[in-house]
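Okay, structure first, notes after.
The values are calculated or read from the model by the stated rules, or taken from the named source; none is laboratory data. Computed from a predicted structure; not experimentally measured. Cβ atoms come from the backbone with ideal geometry, glycine included; neighbour counts cover every protein chain shown. The area values use the complete protein model at the heavy-atom level, side chains included, leaving out ligands, DNA and RNA. Shrake-Rupley method; radii C 1.70, N 1.55, O 1.52, S 1.80 Å.
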Amino acid sequence: MKTFQPDGTLTLESASRQLATLPSLGQGEQLNVDLSQITAADSSAVALLLHWMRTAQKQGAELQFSGVPEGLAGLIRLYEVDALLPLSKQI
């Protein structure tokens with residue numbers, strides 16, 4: 001399983017730049033998206049994670065999100081998308 005580790009912020013100001021940062025994946029590949037280096041996140045981060053997940057699905061690949069910072073985990077729960085996002089452990 002490959003690992004992709006974005007860093008810095010996932011906010012309205014940075015989300016558009018992050019859209020295309022997800023590595024290309026082949027059919028059946030698995031990618032762990034390690035979010036432990038994210039320093040700030042807002043609701044745009046939740047939308048970005050959903051976008052990355054849809055992108056991977058279109059490529060026939062699977063994502064898993066790990067290292068979700070507490071602030072982002074709170075937003076994921078608030079918007080009730082925790083069941084939609086493949087998280088490495090329940091948040």
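Here are the numbers for this structure:
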quantity	calculated
All positions within the stretch 47-91 that are of a type in the set (Gly, Ala, Ser) and in a loop (DSSP other than H, G, I, E, B)	Gly60, Ala61, Gly67, Ala83, Ser88
Residues satisfying the stated conditions in the stretch 34-58, i.e. in contact with a Ser or Thr (Cβ under 7 Å, 6 or more places away or on another chain) and either of a type in the set (S, T, N, Q) or at pLDDT below 95 (or both)	Thr39, Ser44
Filtered residues of the stretch 29-41 (kept if crowded, with 16+ Cβ neighbours inside 10 Å and part of a loop (DSSP other than H, G, I, E, B))	Glu29, Leu35
Selection from the stretch 1-28 of residues that are part of a helix (DSSP H, G or I) and under 24 Å from Glu80 (Cα atoms)	Leu12, Glu13, Ser14, Ala15, Ser16, Gln18, Leu19
Residue in the stretch 42-91 that is least open to solvent (accessible area, probe 1.4 Å), counting only those that are β-branched (Val, Ile, Thr) and more than 19 Å from Arg17 (Cα to Cα)	Ile76
Number of the exception - Ser44 against (1) within 17 Å of Phe4 (Cα to Cα); (2) assigned to a helix (DSSP H, G or I); (3) in contact with a strand residue (DSSP E or B) (Cβ under 8 Å, 6 or more places away or on another chain)	(1)
Close pairs from the stretch 1-28: first farther than 15 Å from Trp52 by Cα and open to solvent by 50 Å² or more (accessible area, probe 1.4 Å), partner in a loop (DSSP other than H, G, I, E, B) and modelled with pLDDT under 95, Cβ under 6 Å, at least 6 apart	none
